[in-house]
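I have placed the structure first, in the form of structure tokens, so that the comments after it can refer back to it.
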Amino acid sequence: MAAHALACRAIGVTYGSLKALDDVSVAFAPGQIHAVVGQNGAGKTTFARVVAGLVAPSSGSVEVSGNSVLPGNVAASRAQGVELVHQSFALPPSFTVAEALEFGFTGKGALYSRPQLLRRWQSHLAALDVSVAPSARIRDLPVEAQQGVEIARALVTDAKILILDEPTAVLSPTGIEALFQRVRRLKAQGVTILLILHKIREVLAVADTVTVLRGGKLVAGPLPVADVTAPLLATLIVGEAVAGASGDVAAALGAGEISHTAHRGLDSRPKVADLNALSTRPDPEGPALAEASLAIRAGEIVGVAGVEGNGQRTLVRALAGLVETTAGTQHLAGVGSEKLTLAERRRLGLRIIPFERNVEGLSLTSSLWENWVARQLVEGKLLSFIAPRRIREACDRALRAWSVRYETSTQRAGSLSGGNAQKVILAREVDDDAKLIIAAQPTRGLDIGATAFVWQSLRAAAARGSGVLVISSDLDELFDISDRIVVMLSGRIVAEFTAPFDLGAVGAAMTGAR
Amino acid sequence: MIDLIISILRSGTPLVYVTLAGVIAQRAGVWNLGLEGLMIIGACATVLGIIVTGNFYVAMAIAMLLCMLASALLWFVIDRLKANPIIAGLGLTGLGIGGTALAVQAIYGSLSAVNAPIGVPRIGPLFGPFAPLSIFVLALPFVVFGMWVLLRRTRFGLRLAAAGEHPFAARSVGVNPSRMRLVALLAGGVLAAIGGAELAAGSLNLFAQNMTSGRGFMAFAAVIFGAGHPIGATLAAFFFSVVSALGIRAQLSFGDALPHDLLQALPYVATVFGVWLSGKLRGGLRAAGGGFGELRDN
Amino acid sequence: MQDQVALILRTLVFIIIAILLCAVIFQIAGFSAPLMLQSVVDGAFLRQGALPQALRWGIPLFITAAGVALSFRVGFFNIGAQGQFYMGAIFAAVAAELMRGAPAPIVVPLCLLSGMLGGALWALWPGLLRVRSGTDEVITTMMGNFIAGLILVWITSGPLKDPSGSGQQASSRPLEAAYRLSTSTGISPIIIGIAVLVGVVMWLLVNRTAFGVLAGLSGRNGTMVAWQGARIDRLGLWSFAISGALAGLAGTIEFMGPNGRIASGFLPTHGFTAILIALVANLSVIGTAFVALFFGGLASAALYLPVMAGLPAAAIDIINAAIALFITAKSATLERLFKLRRAAR
């Protein structure tokens, strides 16, 4: 029997009191595509980082092709041919593509001229069929190109084992297909591939074997994919069932079938938000909005699909009044709102669950009550007197109503788990006065139970009469909860679909291929 | 005219060396506000070292060693102990100013200026009217060019920049960002020591209490003004010293007609202008409202 | 509560480390470190009359530090307290000069106001540059210190020069006794009253207003507050203005109280010490008051050392600087130790 390409023995990783990985022993055969799956928080990324040497395990060892590797040492892992492609790419934004490839290179030519550098990496990119100019800056590249560069970076040395951490999360359906093609080509060249995934559909489409992690423990694997079915995998990933949410669980796992919400005929309800041919200045985080028209009615959930970086952030900023508009009109709850500040818009009933939970949504080093009361304070007068004790009591009531698991309202927000942190944001942003709730990537990084909770909360808010705008790069999520989906491409709204949705059609709109 | 050029080179050279120390630290992601302190330690150690040993090169080596030691202390505090770089840098500056004053007082029993018998070797009569300039002035173009090559044309420079801009990216290719910061700060210690030596022993051959008078902070501003680029920052530093030289020139020409104390403020005003302009053109280098501006390290 | 105990413990540990570093420096410089530290403690806290001295130096430091703490709380590194302190004194001195001869009940309040205005204006220009064009406020406020220092030299050796003055330090004409807030002891009911008023107002502002909560949130995470709709630039400008006004008030008190005149380069480390106080007190208003007393003691020791013990005053600067070096440090080891203790309970 051939030696294993990669063997992990009894790996354990602890962060404080949390066991991120617990006694994981698993071995992978060479020259195959191995999927590692599990829900968020199952330890997939930690596992990948241990293998790549980025995280030092508290116990256990890693062997590559039979050679044991110094644990927690990236250089040692790289010397053995292990390379990791990160989910959020590890490329300095100000670097050019050539520089980003060069800085991790270990071969000859540490002193170079610019033309030398470009020539050196031009051929590398061409060989991998990554069509990006080596002189382009990383920050100017769309995400799919960045991923190509990130893979090219991982292959600057002679990689034997390539690990890709959730590579599909940011891609369109066509992008995912292209990625799978690329992975298969690498496999044909003899590279052993570890794909960290969380969609069952993708596992079945690309992998040779599948390994399941749950709560930091190895549940099963590597199982030949030919021997598993979608329901079996779903059971392995989730463990016990999540109460009353089997449809949501299937959607969260991308388990083949996509649930359809029937279009609920809300056309007669009042518009809570109405953008009319709205254009903005470019935003630091994405393209300008170009003549975007979009109406959201009370009680309706509208999904915004699109590959990341196609103006979704600008759309949210435009609705929030955080980016200057150059043309067009917008109305919020029936009031012309182009000139309004965010505080004024919030008084009209705008609520925002922002993209970056830990940066834009919460101040992690501030107490829960301060985080919770911030919105009300902003809506009031700056010099108004407050009674902290009364606020803390109100905060306790609200957090309990949202079943947040916490100790005291004075603890830091950073001490909560992702799901509980998101509930704090929900407790702040979802109230009876909410007219339009913008939920940007509301379930990113959450486990399945928390994901289902967020979806149910948004549905309930819509049922109470709020309009909900959900921005997500997860099509399964959008298909599961939206009444209507619009697709964004290069700052424009290019297509609109009503339930039931068709994956092929939405996916094609995302890349502009109609 | 030649007088003016000489005076600009004299006042500009120390500033440029210290600026380069700031550039390499900034590249590695450290806002080094300890430059002022390093510079004065370099100045004081050079002068006292010359007096004690009688040899400039030995004195220079001592000064470099002390500045590297101080840099290592700063690195330990902000990297290992995660202290705020700005406050810790100000602390190092205070230690430098206070420590050199203490040293002078301990040795001479007073705070008056200390004269050294010799200074930095001069470039000599081969250079005609520029003969009284020090060898550090002559070396400057080579040092700036070398710094540019190191930071912009080598893999080491890329790794340093990656460690500063995206520590996680650096770590994921096996580069230790923390070690990179140490290397950058130690190199900065050497450069700041040269800057201090040039200031104290490049022309006057004396050390006076608090003689850096904000030059370290100006160097820091030159880093911002020059967008962290070795050549840009060098030009920015020379811009400040040109303004300063013109102020002195104006004073000589107009005498008491202009308030001489306010003319002295010109380089500081120019510094504000430079930082304002770069903020206007490129946006601040430091993120807005970023709390205590801690080192990024995810 | 336990977090606060941990915080105080951590602060103390790092202050002790800083003082050990100072001891090493003293020893290397050729002084006896134990003797030096003994003299510092004597001068600061143990000698006769130490407490009134600590108060005299501590009160202006507290007023400036309360302002510095506010701007740090909002996340702006206003390190220009020294310049704002000088500009406050200068504005007050000019106002007093212009109103020379007018009745004290008019002159004194107007001088105080004008001092606060001077400090606020000297803080506002870096503030405006910061929020309008992203100009780094660390540099601008620092340069503001140097510029204000030179303006002080100019004004005391030019427009306000005391012609009878001799000696190296240029200074202004002495303030008429009727306008003085205190004698050279620096302690009087009105000065203590002002300090108490500043403390109460700042405590209410920080702990009992929406401004205070939003300011704290914005200092820890400005992006989050911006997404809530708060105007960070406005919070920032107010904090700059208030901290400048308080530094200016402290400068005015030094001028109208113990000093009775302004002199070029007077109290050159006031601003830096105030920054230190704010940080040691972890930006809390009440903490600032106590810590200011401690550093007030050290400041008075700086006068005592050369005279009574024949030791250099620079020792105090070194102690302050070493504390600054360490005060924002965090230690994983310390935190673990504390967690273990908590877990054991």
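Laboratory data are not the source of any read-out in this text; all were calculated from the coordinates shown. Since this is a predicted model, take the numbers as computed values, not measurements. Virtual Cβ from ideal backbone geometry, glycine too; neighbours counted across all protein chains shown.
Converting the Cα gyration tensor eigenvalues of the stretch B:141-283 into ellipsoid dimensions via √(5λ) gives semi-axes, longest first, of 34, 18, 13 Å.
Of interest is the spacing of the C-alpha centroids, which for the stretch B:199-253 and the stretch C:263-284 amounts to 26 Å. Springs join every pair of Cα atoms under 10 Å in this Gaussian network model of chain C, and among C:Gly212, C:Gly222, C:Gly193 the largest mean-square fluctuation is at C:Gly193. Among C:Ile15, C:Ile28, sorting on how many other beta-carbon atoms sit within 10 Å of each Cβ, with the fewest leading, yields C:Ile28, C:Ile15.
Under 20 °C and 1.002 mPa s, how fast does the stretch B:153-207 diffuse according to Stokes-Einstein, given a Kirkwood radius computed over C-alpha pairs? Answer in µm²/s, whole number. Estimated via Stokes-Einstein, D reaches 168 µm²/s. Axis of helix A:388-401 versus longest Cα principal axis of chain A: the two differ by about 70°, to the nearest ten degrees.
Rg over Rh of chain B, using C-alpha atoms and the Kirkwood radius, what does it come to? Walk me through the numbers before you get to the answer.
Details: Rg = 18.9 Å, Rh = 19.5 Å.
Taking Rg over the Kirkwood Rh, I get 0.97.
State the Kirkwood hydrodynamic radius of the stretch A:77-171 in Å, one decimal place, computed from all pairs of distinct Cα atoms.
On the way: mean 1/r = 0.0745 Å⁻¹.
Evaluated over the stretch A:77-171, this radius sits at 13.4 Å.
With 10 Å bins beginning at zero, the pair-distance distribution over Cα atoms of the stretch A:369-502 amounts to 11, 37, 32, 16, 5, 0 %. Across the stretch C:52-310, counting alpha-carbon atoms alone, Rg and Dmax equal 17.9, 60 Å. Restricting the calculation to Cα atoms, chain A shows an Rg/Rh of 0.98 when the hydrodynamic-style radius is the Kirkwood one. Counting neighbouring beta carbons within 10 Å and listing from fewest to most, the residues B:Met1, B:Met39, C:Met256 come out as B:Met1, C:Met256, B:Met39. Helix A:173-188: angle to the longest alpha-carbon principal axis of chain A, degrees 0 to 90, nearest 10? Tilt of helix A:173-188: around 10 degrees. Near A:Gly303, the amide H atoms lying under 5 Å from its own belong to A:Val470, A:Asp483, A:Arg484, A:Ile485, A:Val486; only residues 5 or more places off or on other chains count, and H is placed 1.01 Å from N. Hydrophobic long helices, here whole DSSP H runs in chain B with Kyte-Doolittle means of at least -1.0 and Cα atoms spread over 20 Å or more along the helix axis, are found at B:2-27, B:35-53, B:56-75, B:85-108, B:135-152, B:177-201, B:230-254, B:266-282. Calculated translational diffusion coefficient of the stretch A:278-388 (10 °C, 1.306 mPa s; Stokes-Einstein with Kirkwood radius over alpha-carbon pairs) equals 101 µm²/s.
Would you order A:Lys108, B:Lys280 from fewest to most other beta-carbon atoms within 10 Å of each residue's own beta-carbon?
Details: A:Lys108 6, B:Lys280 14.
Fewest-to-most Cβ neighbours within 10 Å comes out as A:Lys108, B:Lys280.
Based on alpha-carbon atoms only, what is the radius of gyration of the stretch A:147-229 relative to the globular estimate 2.2 N^0.38 Å? Ratio of Rg to 2.2 N^0.38 Å for the stretch A:147-229: 1.11. Pop the C-beta distance of C:Asp233 and C:Lys330 into the FRET formula with R0 = 25 Å and round what comes out to the nearest 0.05. The value I calculate is 0.25. With kT/(6 pi eta Rh) evaluated at 10 °C and eta = 1.306 mPa s, and Rh the Kirkwood radius from Cα pairs, the stretch A:366-431 diffuses with a coefficient of 133 µm²/s according to Stokes-Einstein. Relative to the compact-globule estimate of 2.2 N^0.38 Å, the Cα radius of gyration of the stretch B:34-134 comes out at 1.27. Taking only alpha carbon atoms, the stretch B:237-285 gives an Rg to Rh ratio of 1.12, where Rh is the Kirkwood radius.
A Cα-only calculation for the stretch A:331-403 places Rg and Dmax at 14.1, 38 Å.
Under the rule of -39500 (n - 2.57) per DSSP H run of 4 or more residues, summed and divided by the residues of chain B, what mean residue ellipticity at 222 nm is obtained, to the nearest 500 deg cm²/dmol?
Details: 12 runs with 207 residues, N = 298.
Taken over chain B, the calculation gives -23500 deg cm²/dmol.
Each part gets one Cα centre, and for the stretch C:69-122 versus the stretch C:184-216 those centres are 16 Å apart.
For chain B, what does the relative contact order come out to in percent, with C-alpha contacts under 8 Å and a separation of six or more? If you can, show how the numbers build up before the last one.
On the way: 526 pairs, mean separation 97.7, N = 298.
Relative contact order, chain B: 33 percent.
With all distinct Cα pairs included, what does the Kirkwood hydrodynamic radius of the protein assembly as shown come out to in Å, to one decimal, could you say? List each step's numbers first, then the result.
Values: mean 1/r = 0.0309 Å⁻¹.
Final number for the Kirkwood radius of the protein assembly as shown is 32.4 Å.
The fraction of all Cα pairs in the stretch C:209-290 landing in successive 10 Å bins from 0 to the largest distance is 15, 37, 30, 14, 4, given as whole percents. Both the radius of gyration and Dmax for the stretch A:12-112 are 15.6, 48 Å, in that order, over alpha-carbon atoms.
Give the Kirkwood hydrodynamic radius (Å, one decimal) of the stretch A:313-442, defined as one over the mean of 1/r across all pairs of different Cα atoms. The partial results should precede the final answer.
Working: mean 1/r = 0.0645 Å⁻¹.
Computed over the stretch A:313-442, the radius equals 15.5 Å.
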